[in-house]
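Heads up, the thing below is written out as structure tokens.
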Amino acid sequence: MKTNNMHIVNDLKNLINNYISDDQVKEFFKSLDDDITLNTGKDSLTSEPDKSQVEYQLPKGIKYRLLVDRTLTHCEKLLPDDKYFQLLLDLSQLMLFAGEISFSLELAENLLIKLNQMNKYEAITAETNLMISKIYWAQAYWDDSLQYVSDAMNIFRSLESKTGIAKCENMLGTVYGEKGEFEKAQKHFVNALIYLKEEDDVLSHAMVLTNLGIINTIQGDFEKAVWNYKNSVERYLTLKDTRRLSRTYHNIGMLYTRMGKYDSALDEFNKCITLSLENDYLSNCAVAYIGKAFIYTSRLKNSALADAYTNKAMEIAYKINDTLSIADIYKIKGMIHNDLENFSLSEEFFEDSIRLNKDIESKLNEAESSAEMGKLLHSSQRDEEAEKYTSVADAFFNDLKNAGNSTD
Amino acid sequence: MQNSKYTFETELEELLKKYLGVDCFNKINLSSYPAKEAADGISAKINAFYEDQLKINMSDCSERMKIDRTITYSQKKLEPEKFQNFLLELGKICLSGGKLDIAAEIFKKVKTSSNKSGIKAESLLGLADVYNRRANWSKSLSNIAEAESLYKKTKDNLGVAKCENLIGITFSEMGDVETAKEHFHNSLTLIDPEKDMEMAAHLETNLGILDNVQGNSVESLIHFNKALGIYNKLQNRKNAADVTHNIGMVYLDSEEYELAVAAFDDGINTAKEGGFIPILCLLYHAKSRALVGMNALYYAAEFADKALEISHAIDDKLALADIYKVKGIIERQLKNFKVAEEYLLNSLRINNILGNEMNIAETSLELAILYEHINNSNSRKFYLKSSLDYYKEINASTKIKKIEELLNFEAA
């Protein structure tokens, strides 16, 4: 039986033939048909965690949908409005964690329409706007995310809800952080902490601390980052919030990677993955797989295993429409093929990563991929072309360094 | 490692206990439905032809990688305007394959990068199509309005006709037959059918669908056959499969089940070959309905389940609500009345959210039939009347007659 995959590839080929007809296209078509998956072989998957992590089967979303729909039909009759709305919001959050992005958005958007029609329940309306902002953020739709967080912020301000405003500040910081605008991000996180100062909201506090940890990691302030994560982990443990706890383990893994402590980093990624696989927190799995793949390719030089991890991460990122992760996966695939001296494919993957990061305006990731591309081109004696990329990377990292110094 | 279903169900149970209280929660049974278990039992025995029809490979992340590689490659090789046109066509391919996320990403890329009115308008129309397929009517209509104003500025009649057609489709999917028809006719006046053959075929198809809704099966088939002739001439297999589905729907509504199944099988064949997943979803759903008519309930359940799986994966909420309705009918026929009621109420709840008046009326009618079986005359009457109101509004004579007979039967 033909797979659907073949249809798309055939359509792509027919389409591109209408636009480009030179011989180069034939080479490109050939490379599209090549199986570029590296064979891990049984031997390279010696560790049990690696084996179970790479062989993880993604859950089927329709099972969730059937249960949630039945639940809602029952509860619509049984619950008073305010409780039913809160349930819808909780279910939207649950579906986001489960990687059912469209369904999560559907639940939140339908709720918002209802709430706007009723013009009552302002607090939950604000929370719903914030939820939608989060769903768009998860897909790198920054403009949509910012629009909804601004709507949420306006309502929380009118309600004089300090925790609500703090949550919005945290969301704003998160969006700017993903875009690589770290000064702006940090300001919003600090604002969030100010609003939370006299509030008894342990969860929001922990979330802001985690995000500050990420910014401090990127800016190279490792001591502060360790302090941030230590505090947020303690809070998540108290709250028994496994999802956010496991995400923080991933963030600590990233910190150790930056510090060059690769064994510790792998331990943290494994902690994150173990918890996330047990509970099907797809998004956490994807980022931690990428973290492991980076170490396997850049330090341990196990290309096949790194490739297996990027493939699994790709499967998840594709399902949850996480474009930011997809762009990162391409960068690591570029590094893997560079190590294997498949320079042409490596260059192509770096180009994919740079293009996607430009499209979604993720400056840090664009700079990281540009730096890798620069290295590749320099090593192939294509210095002039390399310069174009290294200058992009250098400009970004210099700005980052300066911003870090001025913050101190 | 914990089983994922177990984990999710546990979390859901905890959430429900929090909201409903333990006592009330205990009255809700979230375990599997009996008919599903029975259908699973038949899975092993399902005949080879049906089994082959249901075998598809829906989602593969390597597709995404190939699409990304092709975009990067083309961006390097093509002039900006050519590249944008390439992206528009690629976006449409992704739409045909039910890949709405990447289609939206592509159309947004064109929208933000192009300064040419025609290209920008086309990208807005593409985005409107994505929103339409996700039943987000307001966002779809606002994107169409933006596109239409750009087309009007450049006096691009075919562009305006495309907008009018998509507005018509949106109203048709909300069940507003008259407004939909008005927009399709507006569109027709803007094109030259000899020159704009594909557009003419789209409009024939859409007018055929409305005629069928209103019970004019002869006129409907005339429209569909005209459209099919054009699509075949243009070798447009995707739309040919879609029209074949619609022809089957006319036979289904006339209760000519064998003819309907023959049309659906033909459509399934083409849609599977071409990987036209959204159309395949509609065809599985339609075939399930035909199998219900033929009383082949377990086979019908298999097709409905597959359609449900696809509709969730491609985020086709309208289809999903309709499939819940079919599953409700199957359970009702199997006399699992409680489960049938739950599926039909699921369908009604989602259709209410989507604001689809026609589907609300259809589901209400099925609920009324269910309540007749369980002797709940108040609910039966309520749903019959609400269904009748809609069919009177759209002047669907066959349905009106059927419902009035049901109401009179009770009165007698």
### CD proxy at 222 nm, helix term only [per DSSP H run n ≥ 4: -39500 (n - 2.57); per residue of chain B; nearest 500]
-27500 deg cm²/dmol
### Query
Projected onto the charge dipole of the protein assembly as shown (+1 at Lys/Arg Cβ, -1 at Asp/Glu Cβ, origin at the Cα centre), which of B:ILE119, A:TYR309, A:VAL233 gives the Cα projection farthest towards the positive end?
A:VAL233
### Message
If I histogram all Cα-Cα distances within segment B:362-412 using bins 10 Å wide from 0, what percent of pairs lands in each bin?
### Response
29, 58, 13, 0
### Query
Mind checking the angle between helix B:217-234 and chain B's longest principal axis? C-alpha axes, 0 to 90 degrees, to the nearest 10.
40
### segment A:322-408 pair-distance distribution - Cα-Cα, 5 Å bins, rounded %
3, 17, 24, 22, 17, 10, 5, 2, 0
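Placing unit charges on C-beta atoms (Lys and Arg positive, Asp and Glu negative, everything else neutral), compute the dipole magnitude of the protein assembly as shown about its Cα centre in debye, rounded to 20. Walk me through the numbers before you get to the answer.
On the way: 97 positive and 124 negative charges, 137 e Å.
Magnitude of the dipole: close to 660 debye.
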### Task
Could you work out, residue by residue across A:349-356, how many beta carbons of other chains sit within 10 Å of that residue's beta carbon, and then give the average as an integer?
4
### Summary
Filtering GluC sites (Glu not before Pro) in segment B:141-176 by DSSP loop and by at most 12 other Cβ atoms within 10 Å leaves none
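Hey, what's the Kirkwood Rh for chain B if you take every pair of different alpha carbons, in angstrom?
For chain B, inverting the mean 1/r across all distinct Cα pairs yields 23.0 Å.
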### Greater than 26 Å apart at Cα, pairs in A:LYS63/B:LYS317; B:LYS139/B:LYS287; A:LYS187/A:LYS224; A:LYS224/A:LYS271; A:LYS30/B:LYS120
B:LYS139/B:LYS287; A:LYS30/B:LYS120
### Message
Under a Cβ-only charge scheme (Lys and Arg +1, Asp and Glu -1), can you give me the dipole magnitude of chain A about the Cα centre, in debye to the nearest 20?
### Response
1040
### Task
Take every residue in peptide A:93-100, count the Cβ atoms of other chains within 10 Å of its Cβ, and give the average of those counts.
2
### Message
Run the simple label-point estimate for A:ALA403 and B:ASP52 please: 7 Å along Cα→C-beta, distance reported in nm.
### Response
6.0
### segment B:120-163: proportion of alpha-carbon pairs further apart than 17 angstrom, %
22
### Query
For segment A:207-344, what is the Kirkwood hydrodynamic radius in Å, using each pair of distinct C-alpha atoms?
15.1
### Task
Report the trypsin sites (Lys or Arg not before Pro) located in segment B:334-372 that are in a DSSP loop and have at most 12 other Cβ atoms inside 10 Å of their Cβ, or state none.
B:LYS335
### Query
By count of other Cβ within 10 Å, fewest leading, how are B:ILE56, A:ILE354 ordered?
B:ILE56, A:ILE354
### Message
With just the Cα atoms defining each centre, how far is segment B:326-388 from segment B:85-144? Give it in Å.
### Response
36
#### Entry: Helical mean residue ellipticity (222 nm; -39500 (n - 2.57) per DSSP H run of 4+; nearest 500) of chain A
-27500 deg cm²/dmol
### Task
Take A:ILE194, project a point 7 Å from its Cα along the Cβ direction, then tell me which residues of segment A:169-184 have their backbone nitrogen under 15 Å from it.
A:169-170, A:173, A:184
### Query
In what order do B:VAL243, B:VAL218 fall by count of nearby beta-carbon atoms within 10 Å, going from fewest to most?
B:VAL218, B:VAL243
### Task
Taking chain A as the reference, fit the longest principal axis to its C-alpha atoms, fit the long axis of helix A:282-298 to the helix C-alpha atoms, and give the angle between the two in degrees, 0 to 90, nearest 10.
30
### Message
For a bin width of 10 Å, list the pair-distance distribution of chain A built from all Cα-Cα distances, rounded to whole %.
### Response
5, 19, 31, 25, 14, 5, 1, 0
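Tell me the Kirkwood radius of the protein assembly as shown: reciprocal of the mean inverse pair distance over distinct alpha-carbon atoms, in Å.
After inverting the mean inverse Cα-Cα distance, the result is 28.5 Å.
Expressed in nm to one decimal, what extension gain is obtained for the pair A:GLU160 and A:ASP33 from 0.36 nm per residue of sequence separation less their Cα-Cα distance? The partial results should precede the final answer.
Details: separation 127, 0.36 × 127 = 45.72 nm, distance 5.84 nm.
Fully extending the segment from A:GLU160 to A:ASP33 adds 39.9 nm.
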#### Entry: Dimensionless Rg ratio for segment A:42-119, taking C-alpha atoms and the 2.2 N^0.38 Å reference
1.56
### Task
Once you've got the GNM for chain A with C-alpha springs shorter than 10 Å, pick whichever of A:GLU366, A:GLU76, A:GLU387 has the biggest mean-square fluctuation.
A:GLU76
### Query
Once the Cβ-Cβ distance between B:ASN295 and B:GLU14 is put in as r, and R0 is 35 Å, what FRET efficiency do you end up with, to the nearest 0.05?
0.25
### Task
On a 0 to 90° scale, report how tilted helix B:197-213 is relative to the longest principal axis of chain B, with both axes built from alpha carbons and the result rounded to the nearest 10.
20
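No lab work stands behind these numbers, since they all come straight from the coordinates. What you see is a predicted model; the values in this text were computed from it and never measured. With ideal geometry, Cβ positions are generated from the backbone for all residues, glycine too; neighbour counts draw on all protein chains shown.
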